[in-house]
Amino acid sequence: MGNFSNMKVVAKKGSHSKVYYLRIPHDFIETFGITESDDFTLNVNFDKDGNLVLCYKRVKK
């Protein structure tokens, strides 16, 4: 797997505040067979250099 430098955050107005979405490249979606019905968990960490690391894991149904 590689780095996807074109992943962008999109903000949309929700009912009370902004909701942020991470835009995933289409090639990534096709390669891993991600669908709209998939669920993911999100782990948020910082690496040794202080960089934010977002780790999404698909939840098996």
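The values are calculated or read from the model by the stated rules, or taken from the named source; none is laboratory data. Worth saying up front: this structure is predicted, and the values here are computed from it rather than measured. Cβ atoms come from the backbone with ideal geometry, glycine included; neighbour counts cover every protein chain shown.
Pairs linking a residue in the range 49-61 that is free of Cβ contacts under 8 Å to residues at least 24 places away in the same chain and surrounded by 10 or more Cβ atoms within 10 Å (Cβ to Cβ) to a residue that is in a strand (DSSP E or B) and aliphatic (A, V, I, L, M), with Cβ atoms under 7 Å and 6 or more positions apart or on different chains, are Tyr56/Leu42. Within the range 32-47, residues that are on the phi < 0 side of the Ramachandran plot have Cβ atoms under 7 Å from residues that are among the basic types (Lys, Arg) in these pairs: Asp38/Arg58; Phe40/Lys57; Phe40/Arg58; Thr41/Lys57, counting only partners at least 6 apart in sequence or on another chain. Being more than 13 Å from the chain's Cα centre (by Cα), at pLDDT below 95 and not basic (Lys, Arg) is a property that does not hold for Phe28. Note on the range 7-48: residues that are of a type in the set (D, E, K, R), in a strand (DSSP E or B) and under 21 Å from Val59 (Cβ atoms) amount to 2.
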